[in-house]
Amino acid sequence: MAQIISIESLTAPVSAEAMRAALESGGCESSSCGSSDGPADMAPVVWAKVKDHPCYSEEAHHYFARMHVAVAPACNIQCNYCNRKYDCANESRPGVVSEKLTPDQAMRKVVTVANEVPQLSVLGIAGPGDACYDWKKTQATFEAVSAQIPDIKLCLSTNGLALPDHVDEIARMNIDHVTITINMVDPEIGVGIYPWIFYQHRRWIGLEASKILHERQMLGLEMLAERNILVKVNSVMIPGINDQHLVEVNKVVKAKGAFLHNIMPLISDPAHGTHFGLTGQRGPRAMELKALQDQLSDGTKLMRHCRQCRADAVGLLGEDRGQEFTMDQLPEVAEYDPSRRAAYREVVAEERGEHVAKKAEAAETVAASEADEKVLVAIATKGGGRINQHFGHATEFQVYEVSFAGIAFIGHRKVEQYCEGGWGEDATLDGVIAALEGVQVVLCAKVGDCPKDSLAVAGIEASHEHAYDWIEAGIAAWYAAAHPAAQRLTA
Ligand code: CLF
Ligand code: SF4
């Protein structure tokens, strides 16, 4: 059974023990993600680029954090899921406003975070507008930060329109990771997503706008791939507009060298005041998103753990510590101290080996099953790869698909916390049950009789038998118990 240590221990004084405690506490709200490929699946030079990047590697996101700095407010296109008052919805949760920073302020913030969050490995610029259109600020920020913290990975996100103008500088500055949001490869479909773009000093509308954007996105992708810069493509899934078309998008971006494809569900709320929100365009249901991802799983590697984080997000992917690092809380002068990050990395190098071994054992256990039954398992976790959260405290569940073919993370389901102050509301529980559509069992650290009975009525088992196990080990043990052939192997 794992020892549970609070997230506060992640910022404890430097020592190997403290760093190990940080790892055991996890802190990462998710437990697996996106591309699950490891060093055996890719060239060493590529693995070296992704192994510490929480968005590009399944393994890495257990251990490493990203931070965004909101230095790029200007944007050159209009998306129908954005009203420009909020952060860029191409790489951020819609309806959120970030604290905008100058490059100097960003520098001070990054140094402060690097000193206090030892997991920090990536600095991303994801708006709140477009990182390539607002290039001078993006460039000034990256150059200042990499001069002080040379090992931090630089990552940016763009709609692609201004991207080809900056690819050579991106390569020169060692920006190894670029995200392009590509929602279509057919400009006719783009007409329903982009009402206008601003390009070469004038505004373009309709099909012309869509064609230019498409050509610039494809050119930017090709130019990056030629320079071996890893490209993640984000696509917003908009039911009835581009949902089925994303199969074609996946094929095209794969052929042009994209490393990862991240399908993000449209989040459409009338309160956000976007065109889609106000005209009733709905987002996809969880099972619709999963069905599309399953259809694409033979294509470009898929990212399934995206949290649509804020343009000023800080921390492991499932958490946001941004509110601890607002400008009014930063020191006037920040000096970088590399010791904590260095000590943390030493411990991580050891821990990763153990986690990989546990996953392999779990895979062997389920492989022994004679049943070809695919089951969705929801996990309540506070992070660290463990089943370590009470059912009623979860604000999201990690969903895994298990069969004799293996155990794969397939996404997360956001829920309202059921238990507040020791009491649970029936209406909240109904929402949790609805969010768990398709799930057969929930594994958690603790679950009360009352929610357990209600879940059972809905056909969902809830169990705390595997509390504090590694997630994959707990799933394998549950699956083995349900499938006697697998059970024999574990006996
Ligand atoms: Fe940020 Fe994006 Fe770089 Fe990651 S996020 S710029 S690639 S460092 Fe990651 Fe956040 Fe999803 Fe983005 S979880 S929204 S995919
Ligand atoms: Fe909004 Fe981003 Fe689209 Fe610009 S690119 S309109 S900031 S979602």
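The values are calculated or read from the model by the stated rules, or taken from the named source; none is laboratory data. Being a predicted model, the structure only gives us computed values, none of them experimental. Quick reminder, even Gly has a Cβ in these numbers, built from the backbone with ideal geometry, and neighbours come from all protein chains shown. Heads up: the accessible areas ignore ligands, DNA and RNA and are worked out on the full protein's heavy atoms, side chains in. Shrake-Rupley method; radii C 1.70, N 1.55, O 1.52, S 1.80 Å.
With r as the distance between the Cβ atoms of K136 and K374 and R0 = 51 Å, compute the FRET efficiency 1/(1 + (r/R0)^6) and round to 0.05.
Given R0 = 51 Å and the Cβ-Cβ separation, E is 0.50.
Rg and Dmax of the stretch 366-490, using alpha carbons, in Å: what are they?
Values for the stretch 366-490 (Cα only, Rg and Dmax): 14.0, 44 Å.
Find how much the distance from A171 to K211 grows on full extension, using 0.36 nm per residue of separation minus their present alpha carbon separation; answer in nm with one decimal.
Here the answer is 11.8 nm.
Could you name the lysines in cross-link range of K109, using Cα to Cα under 22 Å and dropping any fewer than eight places away on the same chain?
K100, K136, K137, K153
Before I look further, what does the chain give for accessible area per residue, probe 1.4 Å, in whole square angstrom?
39 Å²
Name the residues whose placed amide hydrogens come within less than 5 Å of the amide hydrogen of L266, ignoring near sequence neighbours (fewer than 5 apart) on the same chain.
M237
For a 28 Å ceiling on Cα separation, which of these pairs sit above it: K359/K414; K49/K85; K49/K256?
K49/K85
Where both residues lie in the chain, what percent of DSSP beta bridges are antiparallel, nearest 5?
Of those bridges, close to 45 percent are antiparallel.
If I model a spin label at K251 and E288 as a point 7 Å from the Cα along the Cα→Cβ vector, what separation in nanometres do I get?
Modelled inter-label distance: 2.3 nm.
About its Cα centre, how strong a charge dipole does the chain have in debye, to the nearest 20, once Lys and Arg get +1 and Asp and Glu get -1 at the Cβ?
Computed charge dipole of the chain: roughly 1100 debye.
Report the FRET efficiency, 1/(1 + (r/R0)^6), for A43 and E354, where r is their Cβ-Cβ distance and R0 is 22 Å, rounded to 0.05.
The calculated FRET efficiency here is 0.30.
Of L221, L163, T274, whose Cα points farthest to the positive end of the dipole of the stretch 31-329 (charges on the beta-carbon: +1 Lys, Arg; -1 Asp, Glu; origin at the Cα centre)?
About the Cα centre, the residue reaching furthest to the positive side is T274.
For the chain, what's the radius of gyration and Dmax over Cα atoms, in angstrom?
22.2, 71
Ignoring ligands, DNA and RNA, please state the percent of accessible area on the chain from carbon and sulfur, probe 1.4 Å.
51 percent
For V231, V247, write out the residues from largest to smallest accessible area, computed with a 1.4 angstrom probe and no ligands counted.
I get V247, V231, largest accessible area first.
Near the amide H of Y199, under 5 Å away, which other amide H atoms are found, from residues 5 or more places off or on another chain, if H is placed in the peptide plane?
Distant-sequence amide H within range of Y199: W204.
Give me the number: length gained by fully extending E188 to E332, i.e. 0.36 nm times residue separation minus the C-alpha to C-alpha distance, one decimal in nm.
Difference between extended and current length: 46.7 nm.
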